[in-house]
Structure formats: structure tokens, C-alpha cells
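The values are calculated or read from the model by the stated rules, or taken from the named source; none is laboratory data. Just so it is clear, the model here is predicted, and its values are computed rather than measured. No Cβ is skipped: glycine too gets one built from the backbone with ideal geometry, and neighbour counts run over all protein chains shown.
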Amino acid sequence: MTAEPSVSPCATIDETTTVHSQPMPRWRERPERAAWIVILLSFSLFLVLVAGIPIAIRGLYHSAAARQSLQFETTIGTVLLYPPNSDQPIALTDRREGISEGSRLETDAATQGVLGLPAGGQSDELMGTIFLFPKTALEIVRSRRPYFAGSSEPYRLRIRVHEGQVRLFTKSGFDRPVEVQIETPQGEAQLEEGNYAFFVNAESSEIVVKQGVARIIQPGQEPVEIEPGLRSWIRADGTIEPAEAALHNLLQDSAFARPLGEVWESYTPPYVTAGTVEFIEKDGRKAARFYYKGPNQVHTEIGIRQVVKQDVHNYDSMVVKLDVNLDWQTLAGAGEQSSEFPIRVEITYTDDFGEERKWGHGFYNMDPRPEYPLIGGEQVDQFIWHSFESENLMELLDATPPARIESIRLYASGWNYLSFVSDLELIVE
């Protein structure tokens, strides 16, 4: 007799059928297909990692940044430094290294100084400089350099000017550019490498572009670009005024950006031992370099000049501006007759009476000898930039008022010297 299949008395017909007909998973029906899917997914992940890891490392290599400390040099008086998160100022009377993010600098009515962005490494050169004029308050918001030397990223500097007047020179002589952002109470400006001036008070921020391009940024407005030779204002309500011409500069190539011989010509007086002059980059700016090194007790001179030939009798104001940096000299003061300055600027002009006349101003560092009183110049510190602005020459020379500017010259004379001049302007208004 054949045995019947054993079925639980409690099981229904459907349950019994399910036990015997449960379907097999599809991947078990075609396991080779599932294997290929796993292999392809693994290979795809491998390709993503092979390509993604180097890209991520490269991105990190180029984007990684480190804090870059700055340096400050007091040029006149005592400047106050407020370290980050401190209300206790430090009095600065000379150079100080290691000025960090979050620091504030304040000048009073009789002090000024220069903030410098070091290039780093073994170089003493500066990537840029910021002049702080009297009654200026400035804060270093951010200062960063690429962490890796091979990175293509620029130096980045963000400065907040609370009030006062500053001038910026950011022109790198290196391969790495410098990006600067300036905040003021009224707005923000992004600066290309160049030469700029800011005048900031509670009512407005004035931006003057001498070289480069300034891009003014305001929330909810299109950026406004200010080209060289123009100025604009950001008002307290955020309005950006249309750009207009800056004060008229009678000189061409004030920044010494064009090759020597195109605008400025060099010269040496006859029967005088010649020094050398060249246009170089120094501390983030273009400059004229005057140099002689040889035997002492030998009179030397080297200069550059520019023909101007501009009528000025309709102007109420005429001012000479320049920045000077004296490294060294070996002749005390300006010599026996106050005529041998290591750097001097001189204007030749025709007055209202048709007479040709000259006005000049010199700079020296080495103390003059007591028996040779020094006139027509001023003493400046070594190795730092000194910003000079003359009196209004229309008022100073009112006895023989200038009617026409014939020419201007810069020259160094004496024995041995090394001096630099930057940003020479003859401004009329």
C-alpha cells in the first residue's frame, strides 16, 4: 500500500500550495549577471577614487591658506596698536613685526606710518604697502597666503578703514598676485594690483584710482568699476556717485611704469662723475632708483627730467607730491652749499613777469656738519618710505607766481648714495 503525503490537519489548501511553489530569487536564477553588476559597480567606484582623490588633493594643495602676519613702520610720532581682542594699546615708535589678523592701528593728528605685506621666505621685499596718514583708524580683518609655495592662489588681504586717509600700493614683482579688499562704513571695494587712495569719514568714502581698477560692491546693486585717473564716492545711504576725473596731474608716468627714455630722460651734468638711475619694483610699487658707490670726496650726480610746458596761471593750487626712501649716503647733510642732497625734486617755471625761476626741495638722512647750515630740505629716516606733500606753491611763491611749468627733475648728488622715489605728482586745482 502506498503512503499518503503527510499534511497538517490545520493547513489550508493555499498554504500547502505556497510551501511547494515559493519562487526562487532572480539573482539565483542568473548569478553570473549579478556578479557582473558587482564587478562593474566596484570598477566604477575604483575609477571615481582614482580620479577624485588626486583632484581633491590638488584642490586642497592650491586652496589651503595660512595666516600671513604683517609689519608696521612708524614714520612720524607714535602710532597705537591694539592687538586682537584687546582694548589696551601698544605704543609704536619704530618697526614692529608680526602684526596679526584682528589688530587695529590708530594715528593721531601728528603721526603716520606704513603697513607692509612681506613676501615671505628669505626676501625682504614687500608685496604691498599701505600708508596711514594722520587721524586714521584701520583694522586688519584678514591676511592670508597660500600654505604651499607651489600654489597658484594669490595673497589675500582684507582691511577695514574706519576713518581717515590711506594709500595703497599693491604691485607684486613676484609671480603671485595680491588681492585686496577694503571695507569702509559705507561699502566695500575690491582692488586689482595698482595704486589707490581712500578718504573715509562718517558721511562718505572717496576712492581715487591712480593705477589698476577698483570694483565698488554694494548689496543689491551691480558692481561699479573705477578706472585709472578717476574717483568716486560711496555716500552714507549706499549711493555710489558717478566717477569723475581726479585732480589734474601735470606729469606723465608719475609711477615710473614706462621704460626710462620714453617719458623721463636721464642726464648727468658735464664734468661730473655719473651715478646710475633705473626704474625698478620695490615694496610693491614702481620706483626710480638712484645709486652711486665709489671713492668719497668725489662729487657725483645723476638725475631724470621731464619737459612739462603747461600753463598754470588759471589754477589756484599747485602741490608737489612724492614718496622717498633713503637707504644711505656718505656726504653729511647736503654738503657745504645745501646743494648735494641724496634726492631732490626741482621745478623750473616761468613767472607772471616772464622770468624763469626754480623751486626745489631735498631730502637727506645723515646729520649735516654744524658749520654748514642746511636749507631747502628735510631729514628723513633710513630704509622706510616717507610721503611728502608740499605747500600750495601758488601761495608760497606769490611774489613770483608761476604762470607756466617748463620742466621738472629728480636728481641725486653728493658722494655715495642709494635712494628711491615713487609716485611723483604735480597736482593742480
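Contact map, segment 45-60: residues that are on the phi > 0 side of the Ramachandran plot paired with residues that are modelled with pLDDT under 75 and assigned to a helix (DSSP H, G or I), Cβ distance under 8 Å, separation 6+ or inter-chain. No pairs are found. Of LEU393, LEU410, LEU418, all but one fail to be crowded, with 16+ Cβ neighbours inside 10 Å and either farther than 30 Å from PRO295 by Cβ or touching a helix residue (DSSP H, G or I) at 6+ places or on another chain (Cβ under 7 Å) (or both); the exception is LEU393. Somewhere in segment 199-213, is a residue within 20 Å of SER143 (Cβ to Cβ) and of a type in the set (Asp, Glu)? No; the residues of segment 199-213 include none that is within 20 Å of SER143 (Cβ to Cβ) and of a type in the set (Asp, Glu).
Residue-by-condition table, conditions (1) in contact with a Leu (Cβ under 8 Å, 6 or more places away or on another chain); (2) of a type outside the set (Phe, Trp, Tyr):
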{"position": "LEU251", "(1), (2)": "yes, yes"}
{"position": "LEU260", "(1), (2)": "no, yes"}
{"position": "TYR267", "(1), (2)": "no, no"}
{"position": "PHE279", "(1), (2)": "yes, no"}
{"position": "ASP283", "(1), (2)": "yes, yes"}
{"position": "PHE290", "(1), (2)": "yes, no"}
{"position": "PRO295", "(1), (2)": "no, yes"}
{"position": "GLU301", "(1), (2)": "no, yes"}
{"position": "ASP311", "(1), (2)": "no, yes"}
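Conditions (1) surrounded by fewer than 19 Cβ atoms within 10 Å (Cβ to Cβ); (2) modelled with pLDDT of 90 or more, marked per residue:
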residue	(1), (2)
GLY77	yes, yes
LEU92	no, yes
ARG96	yes, yes
GLU106	no, yes
VAL114	no, yes
LEU117	no, no
ASP124	yes, no
ALA137	yes, yes
ILE140	no, yes
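Right, GLY102: in a loop (DSSP other than H, G, I, E, B), at pLDDT 75 or above and not β-branched (Val, Ile, Thr) or not? Yes, satisfied. Criterion first (at pLDDT 90 or above, over 29 Å from the mean Cα position of the chain (by Cα) and closer than 23 Å to ALA403 by Cα) does THR350 satisfy it? Answer is yes for this residue.
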